[in-house]
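Everything on this sheet refers to the single structure shown next.
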Amino acid sequence: MRCPFCRHADSRVVDSREVEEGQAIRRRRSCSACGRRFTTSETMVLAVVKRSGVTEQFSRDKVVRGVRRACQGRPVDDDALQQLAQRVEESIRAAGVAEIPSHEVGLAILGPLRELDEVAYLRFASVYRSFSSVEDFEKEIADLRKAMSDKLGDESAHGE
Ligand SMILES: [Zn+2]
C-alpha cells in the first residue's frame with residue numbers, strides 16, 4: 001500500500017484494531033519516507049459462488065436490486081430494502097463461512113422478505129423456487145396463511 005502523500009511503497013503499522021464486530025481490521029500506518037500517517041482497512045470478503053462456478057463479492061446492493069423488482073407497486077420503501085439487505089448479510093455472516101452458493105443468498109432473503117411484504121415474497125419465491133403451476137402458489141399461500149394464523153394465535157395467547 002503506497003503512501004497517499006508521497007507514494008512511497010513502504011510503511012509501518014503503528015496501531016491496528018478490529019472494527020465492525022471483528023468483520024474488519026483498521027490499521028494506522030506511518031510512512032517510512034515522509035513520516036505522515038494514514039489509515040488502511042481490511043475487510044473479510046464474503047464470496048458468492050454462482051452456479052457457473054464464478055465467484056463474486058457479496059453485495060447488499062445486489063440483494064436490494066433483486067428484491068426491489070419483486071416489490072414493484074408495493075408499499076416498501078428504500079429504507080426497508082436496505083434493512084432487509086443488512087439482515088440478509090448478517091445472517092449469512094453469522095453462518096461463519098467465507099463462501100456461499102448463490103442460491104443460499106436467495107434462501108436467506110426469503111425469511112425477512114416474507115415478514116416485510118407477502119405479495120413481494122410470493123413474487124420473489126415464485127422466481128427463486130421456479131414455481132411452475134398454480135398449485136405451487138396455492139401451497140405457498142396456504143403456508144403463509146398458516147404462519148400468519150399461528151402468529152396471531154401466539155399474540156392473542158400472550159394478550160390474555
Ligand atoms: Zn509518505
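Key figures for this structure:
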item	result
Unique match (being in contact with an Asp or Glu (Cβ under 7 Å, 6 or more places away or on another chain) and over 21 Å from residue 101 (Cα atoms)) among 6, 71, 34	71
Residue in region 40-54 that is within 16 Å of the ligand (Cβ to nearest atom) and over 20 Å from residue 101 (Cα atoms) present	yes
Subset of region 119-147 (residues that are more than 29 Å from residue 93 (Cβ to Cβ) and in a helix (DSSP H, G or I))	134, 135, 136, 137, 138, 139, 141, 142, 145, 146
Residue in region 8-19 that is away from the ligand (no atom under 14 Å from the Cβ) and in contact with a helix residue (DSSP H, G or I) (Cβ under 8 Å, 6 or more places away or on another chain) present	no
Residue count for region 49-72, restricted to those that are in contact (Cβ under 8 Å) with a residue 24 or more places away in the chain and among the β-branched types (Val, Ile, Thr)	4
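Readers should treat all values here as calculations from the given coordinates under stated rules, not as data from a laboratory. Since we're looking at a predicted model, the values are computed, not measured. Cβ coordinates were reconstructed from backbone atoms using ideal geometry, including for glycine residues, and neighbour counts include every protein chain displayed.
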